[in-house]
Ligand code: PAF
């Protein structure tokens, strides 16, 4: 082993804390210097998509906190929770290499001192369709944990990926519901070379399925090319057709919705910001993607 590299590994350890008190202590000294604090909540198994959120946070803030917590209350399938990749050591090296200031890795007890309870929230049309309909209770779990994480980290700005676009809109609604002085920044989807949206779940795919899954983005782009001349019903049918011949691909949904309310539209209106949303399972792994139709 390279001796110099191992010295760096030993002496350059990323500042990692596991309790809210420790985060608050650190925040106190940063706040004393009027620093702007950015926050990137994650469930770990980090990839370039997460690192792009970190970079955006570093551009806009003096100090950045990343959290890693695989939140049990947002999983409605125990198998999905136990299969979720956990790669803390690798994640922490990656964050360190990218200049992170503070890593927060709370335990379930720290996040949920009174047991794994989730709050129930009212987000109107945002929680009617798509992931809300397919994963009942999922967004209550997300909103609960993000609320606890915001309490612990009290950032000025928090960064979320547009891959989970419905989540992003719900977090915006949560912050407004709770009157939190936190700016929410949505960041563009990062893609693998094939076009597949980056996700921690991609590593659960066989190399063949990972390649085949590129059909999702390709078909979304083709849908966008037709979007100004073809009705949504036909656009969705064409999308379904394109997936039919692909081995192991099971379409869960394809929807065209307005970006603000996330309600499905039946007619295309170029005055509205519309977005196509797809979920496709490959080898049982749920892959999400979306694309703005009139950028
Ligand atoms: O997007 C995620 O990784 C999670 O839903 C989040 C926001 C970290 C909450 O657990």
Scan 195, 186 and give me the residue that is outside any helix (DSSP H, G or I), modelled with pLDDT of 95 or more, within 19 Å of the chain's Cα centre (by Cα) and farther than 23 Å from residue 155 by Cβ. 195
Which residues, counting only those in region 257-291, are free of Cβ contacts under 8 Å to residues at least 60 places away in the same chain, closer than 24 Å to residue 49 by Cα and touching a helix residue (DSSP H, G or I) at 6+ places or on another chain (Cβ under 8 Å)? 276
Taking residue 110, is it part of a helix (DSSP H, G or I), in contact (Cβ under 8 Å) with a residue 60 or more places away in the chain and over 19 Å from the mean Cα position of the chain (by Cα)? yes
Restricting attention to region 69-85, and to residues there that are part of a loop (DSSP other than H, G, I, E, B) and over 16 Å from the mean Cα position of the chain (by Cα), which single residue is farthest from the ligand (Cβ to nearest atom)? 77
Within region 157-175, restricting attention to residues that are under 25 Å from residue 35 (Cβ atoms), in a helix (DSSP H, G or I) and over 14 Å from the mean Cα position of the chain (by Cα), which residue is farthest from the ligand (Cβ to nearest atom)? 175
Looking at residue 230, is it within 15 Å of the ligand (Cβ to nearest atom) and under 28 Å from residue 263 (Cβ atoms)? no
Just one of the numbered conditions (1) surrounded by fewer than 15 Cβ atoms within 10 Å (Cβ to Cβ); (2) out of contact with any helix residue (DSSP H, G or I) (no Cβ under 8 Å at 6 or more places or on another chain); (3) in a helix (DSSP H, G or I); (4) in contact (Cβ under 8 Å) with a residue 60 or more places away in the chain is not true of residue 89; which one? (4)
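The values are calculated or read from the model by the stated rules, or taken from the named source; none is laboratory data. These numbers come from a predicted model, not from an experiment. So basically every Cβ, Gly included, is an ideal-geometry build from the backbone, and we count neighbours across all protein chains shown.
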